[in-house]
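Let me begin by presenting the structure, written as structure tokens, before commenting on it.
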Amino acid sequence: MKKILLHIFLLFSFVQTFAQGDTSVRVVQKENKVSFKANLPALTQIPGAPKPFYTYLWDFGDGHFSTAENPEHIYDKVGDYEAILYAVNNYDDGKKPGRKPTKVGIKQVNKTYLAATSPAENNFFKANGHFELKYNCMAKPGDTMLLMAGWKNEMAVNGKIYLFINEKQFGQNSFDTAGFRLYHEAAMANDKNAIASVRSFDNLLLTSSGSPSSHFKEEKKFAGAESKTFLMNTLKAYNNVFAVDVKHAEEQSQFLFANLYVTPGMIKDTNATIVITGLFVPDTGDVYMHQLNIPIVTSHDPNKMNLKSGRLSYRTLKKNKALTYKIRFQNNGEGPARKILLDISLPSAMDAKTIQIKDMSPYCLPCDSVPSRTGCWELITTNDSAAFVFNGIYLPGTNQQGVEDKDSTKGFVEFDVQTKKKLDNLPFKGRTAIYFDKNEPVITNFATGRFKPGFSPIVMAGYELNLGKFGNNDGITVGAGIARLAPHKPYFQFELFFKSISYNTSVTSNEPGLVRIDQKDYDYRTRTTRSTNALLRLGIVPLHVRHNLNDIFSVGVGLRVDTDLSGTIKDANEYVLFNFNGQASYPYSNLSNTKIKGFSNFDFLPFADLQAGRVRLGPQIGTRYYYGGKNNSYLYFYASWRL
């Protein structure tokens, strides 16, 4: 009985439970063989979504890791370790479980236990076989993610790892670093300008990847001065660079782990893809660069439709432009999927019959080239939709027994499709229904394409016809304006006009009066004033609301404020004097010049406007009625061009 009690006591002394809230990690240890098991919060089923599930990444604290749910690990050295579980809740609307540090003390190494690397480590290097980056989940604003860098110890040399984070093109930072986990004497480099001291090298191999990996290797080689130039240009695209000194180790492969916090203010465009770049510079030999494409998501849903370069430039857009879509999917079933159908709903402006398949996973041949029509793919298109079908394939399920590599349960299809015509400057959406065998479909997000905000300069010239009795004379008016680029909704437009005016007036008065000549007053019988006016008028349109009724007609209303900018008034006064030094009915004249004060003589003119032509972008003609009361109203006939 005592032996039984002693055995139970020893067993529980090797079992440790570390809890955080309703989550715990259970550790069962026998010498240097340690088994881990997580007790995570229950998942919440989202209505209409597939069954939720967890994915796991265990950092064992010695430079090794596993993606198994309940892994077993052999530590090969005595010491104290801190293992951490990074769990991700897929198809669940709750918060991601916190990271669970677990203390593991190894006091004795039993060499009869054969250490073996996990399948996740064995399958890590797929891009170039030397250096690669991976992530444990996609980027969700306000959440956390883990970035892994791995490199092979094929040469007995030391080196440096550089991580380029936060692309400048997105303005604000997308990630904050929350600590690095380094092993085998690796250490953060303190030199902030460490990248400037990168040793000279002859060759650079660039590779890129996402999740899952592409069937085709995405790589490019640079040599000589071109490789250094490419490195410097890549560096300029990032806000932050982190450098790590790494040492040669006995392990075939080494890994580091970077904890990242995805900032809430990061770009929330779910079509955007964040790129983190890593650089491995051994002390000797070639240099390896890897770029990791990380999609932005609003929830941890591996089924996603994405439009590459979803922010388009309307100015450079052409008719029949080819756009690239990528549809990702994951089988979360308890068994393999043999048939996968992607029912793709494209925006109406896309021509589904122009679809060209670029890449896929799992990779297979077109069914037209496979007599049995199994283990292949086929594409069925209509006017505005397409169906892509994997026939007779084998895609493991995340809940399938024996499946540890969760990437093996994922797939994707990437294709190009052309537009039927030049797109309107409006968002356009597409989505996909994904069928795994005969199960209910999984509906993806909307893949939304948008245009970058832009402004359209406007040049205008026309003729103003005075309708009032006392308004300024008719004349040519030129102007410029600015508005939103090719708008489809009501919009504001700002305008500036200039008008050069020259006109003469003559006023005769038969009422007698006095005029001073050489400091002496003389009576006059009549006076005639002839004025020559030369003015430069400025017109400002601070308020102008327009709406394009269609591609041809546009209407607008607004207010124009006119004022004198500069000018002169030359007055010639002609008098008939009663008596001048004994001479009756003596003619006399004098001249005077008056400068116009700038920004004086304001007129406020509300107006209504009608345009016809290419009213969104291009040339138009129009007419505008300015109302200035009975004596100061205008019609403006003009031509304009939206650039």
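With 12 Å as the cut-off, how large is the P(r) tail for segment 290-341, expressed as percent of Cα-Cα pairs? Distances greater than 12 Å cover 77 percent of the Cα pairs. The average projected area of segment 523-643, computed from the convex hull of its Cα atoms over all directions, is 10.4 nm². A simple spin-label model places the labels of residue 283 and residue 614 6.4 nm from each other, with each point 7 Å out along Cα-to-Cβ. Solvent-accessible area per residue in the chain equals 50 Å², computed with a 1.4 angstrom probe and all protein chains kept.
Building the convex hull from the alpha-carbon atoms of segment 287-432 and averaging its projection over directions returns 11.7 nm².
For residue 569 and residue 631, a Förster radius of 22 Å and the Cβ-Cβ distance give a FRET efficiency of 0.70, rounded to the nearest 0.05. When the alpha carbon gyration tensor of segment 241-300 is reduced to an equivalent ellipsoid, the three semi-axes, largest first, read 30, 13, 11 Å. Per residue, the convex hull spanned by the Cα atoms of segment 525-595 measures out at 128 cubic angstrom.
Between residue 197 and residue 112, residue separation times 0.36 nm minus the direct Cα-Cα distance comes to 26.0 nm. A straight chain from residue 399 to residue 232 at 0.36 nm per residue would run longer than the Cα-Cα distance by 55.7 nm.
Remark on segment 417-540: hydrodynamic radius 22.1 angstrom, per the Kirkwood mean of 1/r across alpha carbon pairs.
Count the net charge of all other residues whose Cβ sits under 12 Å from the Cβ of residue 362, scoring Lys and Arg as +1 and Asp and Glu as -1. Intermediate results must be reported in sequence, preceding the final value.
Values: positive: 338, 410; negative: 359, 407.
Overall, the nearby charge balance is 0.
On the beta carbon distance between residue 494 and residue 514, with R0 = 41 Å, the FRET formula returns roughly 0.20. Taking 4.7 Å between beta carbons as the limit, the unpaired Cys residues of the chain are 137, 364. Among the listed pairs 160/452; 96/160; 160/236; 37/339; 96/489; 96/326, those with a Cα-Cα distance over 29 Å are 160/452; 96/160; 37/339; 96/489. Here each label is just a point 7 Å from Cα along the line to Cβ, and for residue 478 and residue 529 those points are 3.4 nm apart.
Say R0 is 60 Å: what FRET efficiency, to the nearest 0.05, do residue 370 and residue 190 get from their beta-carbon distance? That pair, residue 370 with residue 190, gives E of 0.55.
Summing charges over all other residues whose Cβ lies under 13 Å from the Cβ of residue 109, with Lys and Arg as +1 and Asp and Glu as -1, gives +2.
Measuring how big segment 333-404 is from its alpha-carbon positions, Rg and Dmax come out at 14.3, 45 Å. Taking only the Cα atoms of segment 546-586, how large is their convex hull per residue, in Å³? Normalising the Cα hull of segment 546-586 by residue number yields 177 Å³. Kirkwood's formula applied to the C-alpha pairs of segment 60-154 gives a hydrodynamic radius of 15.5 angstrom.
Extent along the principal axes, Cα only, for segment 227-370: 53, 48, 36 Å, with the longest axis given first. Expressed as a whole percent, the accessible area of the chain that falls on carbon and sulfur atoms is 54 (1.4 Å probe). With a cut-off of 11 Å between beta carbons, the residues surrounding residue 594 carry a summed charge of +2, where Lys and Arg count +1 and Asp and Glu -1. Each label was represented as a point 7 Å from its Cα along the Cα-to-Cβ direction; for residue 561 and residue 318 these points are 4.6 nm apart.
Which value in Å is the Kirkwood Rh of the chain over different Cα pairs? Mind showing how you got there, number by number?
On the way: mean 1/r = 0.0320 Å⁻¹.
Evaluated on the chain, it is 31.3 Å.
Compute the helix-to-body angle for 225-236: its Cα long axis versus the longest principal axis of the chain, expressed 0 to 90° and rounded to tens. The angle comes out near 70 degrees. Only DSSP H runs of four or more residues enter the estimate; each adds -39500 (n - 2.57), and after division by the residues of the chain the mean residue ellipticity at 222 nm equals -1000 deg cm²/dmol.
The values are calculated or read from the model by the stated rules, or taken from the named source; none is laboratory data. Just so we're clear, the structure is a prediction, and the values are computed from it rather than from any experiment. Every residue, glycine as well, gets a Cβ built from its backbone with ideal geometry; the counts of neighbours run over all protein chains shown. Please note that ligands, DNA and RNA were not included when accessible areas were found on the heavy atoms of the full protein model with its side chains. Shrake-Rupley method; radii C 1.70, N 1.55, O 1.52, S 1.80 Å.
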